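Heads up, the thing below is written out as structure tokens.
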Amino acid sequence: MVIGLMVEVKSNQRVGNDYYLLKIRALELTDSIFPGQFVHLKIGRDNLSFDPLLRRPFSIHDLSDEKDIYLLYRVVGKGTRILTDYKTGDKLDLLGPLGQGFKLDFVSRKILIIGGGMGIAPLYFLAKRLAKQNLLKVLIGGKNKEEMEYFIARFRQADIEFAVATMDGSAGFQGTVVDLWQKDNTQPDYLFACGPEAMLREVQVIAQKKGIPGQVSLEERMACGIGVCLSCVHKTNKGNQRVCKEGPVFSLEEVVFDD
Amino acid sequence: MIELDLTTRLASLKLKNPVITASGTCGYGEELKEYLDPDIPGAITVKGLTIKPSVGNPAPRITETPAGILNSIGLENPGLEEFLATKLSVIGKLNVPVLVNISGHSLDDFAFLAEKLAPYPQIAGLEVNVSCPNLAGGGMAFGTDSELVYRVAYRVKENYPGPVIIKLTPNVTDIVEMAEAAVAGGADIISLINTLLAMAIDIDDKRPLLGNTFGGLSGPAIKPVALRMVYQVASRVKIPIIGMGGIMTGRDAIEFILAGASAVAVGTATLIDPGAVARIIEEIKEYMIEKEIKRIKDLIGQAL
């Protein structure tokens, strides 16, 4: 039970044009965190701040050697804008780790990871875990070089084999990350993906055709984060499933994407 | 140190404290147990039930507005059959009164649900939702017509032996008229308010933000409206009231009790702080100690 845990901000810096990297100390949680899980933060000086009112979910981006948690975020609204004001030593009300992470209990030697935009954030944590089991390739994509620079640096630093796609061609392959996969012709026997729904839908179609099993992490607008409000449900072949509770990671085969 | 008496009565229901979990914000009680001991609330109101299973509305189903949230979940629920098969045993294990919230598309739907739920002692009472803004062809339509409010109350009472709560919508011109219709139909208790019909627009997409276009506004933004309506109804109606709408703290709860509510329900607060109900009960106690009030019952309607 991890309610109302007040955690300390270790650092909160702008990394690249688009992203901020928040490092928090929450040693009570770190041993039970799996890639793909998320934490739910109450942002605002007062814990009962009414504006923003709801918590904000953030996927776990990485764990430091000292077991601090890294969250990567982009300023997209009021909550994330206020979050940029947090300084070292400030406290944040955290609920987590929440949701089901990536399941790593499978036998595979050729794993492919495909990430688009902000969806790359949790995949970095996953890739670091998987890298220890070898044979891995990561494909990442975004709008342009500026958006991808941070990730390029991180994957390079971690010595993980990766390739980049950008829509404008300013870094790596010009096109989507799915186009890159098609051209690259990597033949994995298992895959992980996270990114915009349009990308995941394409990944699912191709994987189905080639008979490749895998897992995807989904994003939906969320309120409670603990499975009571049913705001974040997504269609699956077993009916609606809660992204916050049964997810955010689902098997690639079970998710139903609307056209 | 004075001994505090938090017990309250809602018709034949005795609650150990006046704080109830609001429907749709606590699942079937067990979903919250990691964060809130299910023995703590005065009562638990489970997720709205319809006869047939409902998949709810398309995404996005939620968005935040200043000091409020706008939802269009659309009463996603497993339906009566599945509820009886799997959820009844779950709520049977709870040690506090469990209220089942029911919704329908017709008078017959409400009567049918009432009749089917009547045999189960695990259920302490029914909360009749005549006010959901997210149910096409039903829900709020009933709650905005006093003749229909009367008939829904009457038909449910006719088919259900236990306490019947009519949950009113705020989306009406005269809330007292609706409350009086519920009383005339035989309601034992009135709960109010449900969410306010509202919307948000995405100015980048130039489209309504919610998949269902409209949704229900809840949270601190609606508290003054809810409080006013509880006050108006309490001034005119004799049956007990469950007050709700944006209660985030014990002080908010006290306001509703002073306005005439015999109990309060907490919803949106739980979505942010899953232990909110326990915290609010503690805050009510702090207020009582500070003001040297022994019995919460003594506060009911004091501001009227």
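Taking 19 Å as the straight-line reach from the Cα of A:Lys78, the lysines in range (excluding those fewer than 8 positions away in the same chain) are A:Lys42, A:Lys87, A:Lys91. With θ taken as phi - 60° and the Karplus curve 6.51 cos²θ - 1.76 cosθ + 1.60 applied, the whole-hertz 3J(HN,Hα) list for segment B:39-54 is 7, 7, x, x, 7, 10, 9, 7, 3, x, 10, 10, 4, 9, x, 10 Hz, x standing for glycine and proline. Annotation note: trypsin sites (Lys or Arg not before Pro) in segment A:88-118 located in DSSP loop regions with a Cβ neighbour count of at most 13 within 10 Å are A:Lys103, A:Arg109. Taking amide H atoms as placed 1.01 Å from N in the peptide plane, the amide H of A:Asp62 lies under 5 Å from those of A:Tyr70, each 5 or more residues away in sequence or on another chain. Averaged over the residues of peptide B:275-284, the number of Cβ atoms from other protein chains lying within 10 Å of each residue's Cβ is 1.
Short to long, the 5 Å bins of the Cα pair-distance histogram for segment A:5-98 hold 3, 14, 27, 29, 19, 8, 1, 0 percent of all pairs.
When Cβ neighbours within 10 Å are restricted to other protein chains, what is their mean count per residue of peptide B:76-85? Working shown, then result.
Working: counts 5, 1, 1, 0, 0, 0, 0, 0, 0, 0.
Per residue, the average neighbour count from other chains is 1.
Computed from the alpha carbon positions, the gyration tensor of the protein assembly as shown leads to an equivalent ellipsoid with semi-axes of 46, 26, 20 Å, biggest first.
Placing a pseudo-label 7 Å from each Cα along the Cα-to-Cβ vector at B:Asp174 and B:Glu290 gives an inter-label distance of 3.9 nm.
Highest mobility in the GNM of chain B, judged by mean-square fluctuation with C-alpha springs under 10 Å and restricted to B:Ala265, B:Ala226, B:Ala111, is found for B:Ala111.
Between A:Met167 and B:Ser89, the C-beta separation translates, for a Förster distance of 41 Å, into a calculated FRET efficiency of about 0.20.
The lysines whose alpha-carbon is closer than 22 Å to the alpha-carbon of B:Lys116, local same-chain residues fewer than 8 away aside, are B:Lys47, B:Lys52, B:Lys87, B:Lys93, B:Lys157, B:Lys167. Here's the picture: a label point sits 7 Å out from the Cα of A:Asp51 along the beta-carbon direction, and within segment B:68-94 the residues with their amide nitrogen under 14 Å of it are B:68-69.
Looking only at other chains, what is the average number of their beta-carbon atoms within 10 angstrom of each beta-carbon in B:17-30? Show your work: numbers first, answer last.
Numbers: counts 0, 0, 0, 0, 1, 0, 0, 3, 4, 3, 7, 1, 0, 0.
The per-residue average across the peptide is 1.
The lysines within cross-link reach of A:Lys143, meaning a Cα-to-Cα straight distance under 19 Å and a gap of 8 or more places when in the same chain, are A:Lys183.
Under 5 Å from the amide H of A:Ala171 lie the amide H atoms of A:Lys145, A:Thr166, each residue being 5 or more positions distant or on a separate chain, with H modelled from the backbone and absent for Pro and chain starts. Each Cα pair under 8 Å and six or more residues apart adds its separation to the average, and for chain B the resulting relative contact order is 21 percent.
Residues of segment A:42-63 that lose at least 30 Å² of accessible area (1.4 Å probe, protein heavy atoms only) when the other protein chains are present, relative to their chain alone, are A:Leu48, A:Phe50, A:Asp51, A:Leu53, A:Leu54, A:Arg55.
FRET efficiency for the A:Arg14 to A:Gln187 pair, using the beta carbon distance and R₀ = 41 Å, is estimated at 0.60.
Between the DSSP loop rule and a limit of at most 13 other Cβ atoms within 10 Å, which GluC sites (Glu not before Pro) in segment A:95-193 are left?
Those satisfying the criteria are A:Glu161.
Ligands, DNA and RNA are left out, and with a 1.4 angstrom probe the accessible area of chain B is 38 Å² per residue.
Give the residue list of GluC sites (Glu not before Pro) in segment B:247-292 that are DSSP loop and have at most 14 other beta-carbon atoms within 10 angstrom. Let's see the in-between values first.
Numbers: sites: B:Glu255, B:Glu282, B:Glu283, B:Glu286, B:Glu290, B:Glu292; in loops: B:Glu292.
Counting only loop positions with at most 14 other Cβ atoms within 10 Å, the GluC sites (Glu not before Pro) in segment B:247-292 are B:Glu292.
Projecting the Cα atoms of A:Asn12, B:Leu107, A:Gln157 onto the charge dipole of the protein assembly as shown, computed from C-beta unit charges around the Cα centre, puts A:Gln157 farthest toward the positive end. Here is the interface size for A with B: some 2600 Å² of accessible area buried, both sides summed, with a 1.4 Å probe. Taking label points 7 Å from Cα along the Cα-to-Cβ direction, A:Lys87 and A:Ser64 give a separation of 1.8 nm. Thinking of segment B:129-243 as a set of Cα atoms, what percent of all their pairs are more than 22 Å apart? Summing the P(r) of segment B:129-243 above 22 Å gives 34 percent of all pairs. Placing a label point 7 Å from the Cα of B:Asp204 along the Cα-to-Cβ line, the residues of segment A:221-259 whose backbone N sits under 14 Å from it are A:221.
Rounded to the nearest 20 debye, the dipole magnitude of chain A is 160 debye, with +1 charges on Lys and Arg beta carbons, -1 on Asp and Glu beta carbons, and the Cα centre as origin. For segment B:39-66, a decrease in accessible area of 10 Å² or greater in the assembled protein chains relative to the isolated chain, with a 1.4 Å probe, applies to B:Lys47, B:Val55, B:Ala59, B:Pro60, B:Arg61, B:Ile62, B:Thr63, B:Glu64, B:Pro66.
Largest GNM mean-square fluctuation among A:Phe155, A:Phe50, A:Phe38, using chain A with Cα springs under 10 Å: A:Phe50. Under 5 Å from the amide H of B:Glu127 lie the amide H atoms of B:Val100, B:Asn101, B:Ile102, B:Ile165, each residue being 5 or more positions distant or on a separate chain, with H modelled from the backbone and absent for Pro and chain starts.
In segment A:221-236, burial by the other protein chains removes 20 Å² or more of 1.4 Å probe accessible surface, compared with the chain on its own, from A:Arg221, A:Ala223, A:Cys224, A:Ile226, A:Val228, A:Cys229, A:Leu230, A:Ser231, A:Val233.
What nm value, rounded to one decimal, do you get for the distance between A:Lys78 and A:Phe106 when each label is placed 7 Å out toward the C-beta? Between A:Lys78 and A:Phe106, the label points sit 4.1 nm apart.
Roughly how many Å² is the accessible area per residue of chain A, as a whole number, for a 1.4 Å probe?
Working: 11040 Å² over 259 residues.
Normalised by residue count, the accessible surface of chain A is 43 Å².
Which percent of the accessible area of segment A:111-251 is formed by carbon and sulfur heavy atoms (probe 1.4 angstrom)? Numbers along the way, then the final one.
On the way: 2670 of 5600 Å².
Exposed carbon and sulfur together represent 48 percent of the surface.
Taken over the Cα atoms of chain A, the convex hull encloses 129 Å³ per residue. Altogether, the Stokes-Einstein calculation at 37 °C and 0.692 mPa s, with the Kirkwood radius of segment A:62-216 over Cα pairs as Rh, returns a diffusion coefficient of 197 µm²/s.
The values are calculated or read from the model by the stated rules, or taken from the named source; none is laboratory data. Keep in mind that this is a model prediction, so the values were computed, not measured. Here Cβ is always computed from backbone atoms with ideal geometry, including for glycine, and neighbour counts include all displayed protein chains. Side chains are part of the model used for accessible areas, which takes the heavy atoms of the whole protein and leaves out ligands, DNA and RNA. Shrake-Rupley method; radii C 1.70, N 1.55, O 1.52, S 1.80 Å.
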